1. Protein chains only, probe 1.4 Å: how do A:Ser98, A:Ser45 rank by accessible area, largest first?
2. Defining the label point at 7 Å along Cα→Cβ, can you sort the distances from B:Ser43 to the same site in each other copy, shortest first, in nm?
3. What pairs from A:Lys4/B:Lys56; A:Lys4/A:Lys56; A:Lys4/A:Lys108; B:Lys56/B:Lys97; A:Lys65/B:Lys108; A:Lys56/A:Lys108 go past 29 Å between their alpha carbons?
4. Can you give the accessible area of B:Ile150, probe radius 1.4 Å, in Å² rounded to 10?
5. When only the heavy atoms of the protein chains count and the probe is 1.4 Å, how do A:Met60, A:Met52 rank by accessible area, highest first?
6. Keeping all protein chains in place, calculate the accessible area per residue for the protein assembly as shown (probe 1.4 angstrom), answer in Å².
7. As an exercise, take the mean of 1/r over every pair of distinct alpha carbons in region B:1-87, invert it, and state the Kirkwood radius in angstroms.
8. Work out from phi, with θ = phi - 60° and the Karplus expression 6.51 cos²θ - 1.76 cosθ + 1.60, the ³J(HN,Hα) of each residue of region A:51-56, listed in order in whole Hz, and give x for Gly and Pro.
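The values are calculated or read from the model by the stated rules, or taken from the named source; none is laboratory data. In this text the structure is predicted, and so the values were computed from the model without any measurement. Positions of Cβ are backbone-derived with ideal geometry, glycine not excepted, and every protein chain shown enters the neighbour counts. Only protein heavy atoms, including side chains, enter the accessible area calculation; ligands, DNA and RNA are left aside. Shrake-Rupley method; radii C 1.70, N 1.55, O 1.52, S 1.80 Å.
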Number of protein chains: 2
Amino acid sequence: MTVKISEMRPAECYHFLESTRFGHIACCRDGRPYIAAIYFAFSGSVAYSFSMPGKKLDWMRANNKVCLHAEQLVSGGWTSVVADGQFEEFPDNDTWKSERLHAWSLLKMHPDWWEIGAMKPYELPMLNQSPHVFYGVAVTSVSGRIAVTID
Amino acid sequence: MTVKISEMRPAECYHFLESTRFGHIACCRDGRPYIAAIYFAFSGSVAYSFSMPGKKLDWMRANNKVCLHAEQLVSGGWTSVVADGQFEEFPDNDTWKSERLHAWSLLKMHPDWWEIGAMKPYELPMLNQSPHVFYGVAVTSVSGRIAVTID
């Protein structure tokens, strides 16, 4: 059995990111990296997501350079895409209202988010009192590889 | 539906890492993070793995602070563990021979590694001419969370 590994073109990487919604994000602070799993919705070169307050959010606020990774494992092969980008927060104010609405309209398509599952209906993140923070990762470069098994 | 999220004790985190073999590793350089998916074997607070030459290896050699993340998704819940640690290379020389043998003895238990699948038998990483680099992540701290759905 041999596995053929091919580089993906940027357009293929973007298409893959649009087709998936689970991945991992890395950020770093003082020369130390940190990873978390995230759900996201990718549209127009931005990965939209939201987060509870915590280490990930603190670190991305301190250093907006982030790395997003998503993969798909299938029988006999895999696709792996990594994207460099910049964290951008969508604060809960009028300036960012349209971005928040856009992010939410994309994210709510899949009601089984980990974090949404933990919330009561009255805690939906569109409400002002929610501690959730909407953010986007504006992707600046992508690379990816596809592996296919050849018998 | 409510999801109950609990913090894991360090011993639970280590046990989880021992029970899994797929995760993501992050490293950083000049304030920019990078992620890659890896297979590993965790034993004695060290995650053993190997890598082809490339960006991940270059960056971990330049800054040995890394972050390892592994999760398990099951119906109605998930386990997520994140570990801080230090990259340590096991060069192909007599000094590191026992570490390389130990790493390989753990890793070879699962013959379906992505990278192993790509190799011909004569390219097994124990051979001197292999470009693969064995390394370990010596874990210094762990944290984890378990989510369980409560109806």
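1. A:Ser98, A:Ser45
2. Here the equivalent label points are 4.9 nm apart from this one.
3. A:Lys4/A:Lys56; A:Lys4/A:Lys108; A:Lys65/B:Lys108
4. So the heavy atoms of B:Ile150 present about 80 Å² to solvent.
5. On the way: A:Met60 0, A:Met52 80 Å².
Sorted descending by solvent-accessible area, the residues read A:Met52, A:Met60.
6. The answer is 49 Å² per residue.
7. That comes to 14.1 Å for region B:1-87.
8. Couplings: 9, 6, x, x, 4, 4 Hz.
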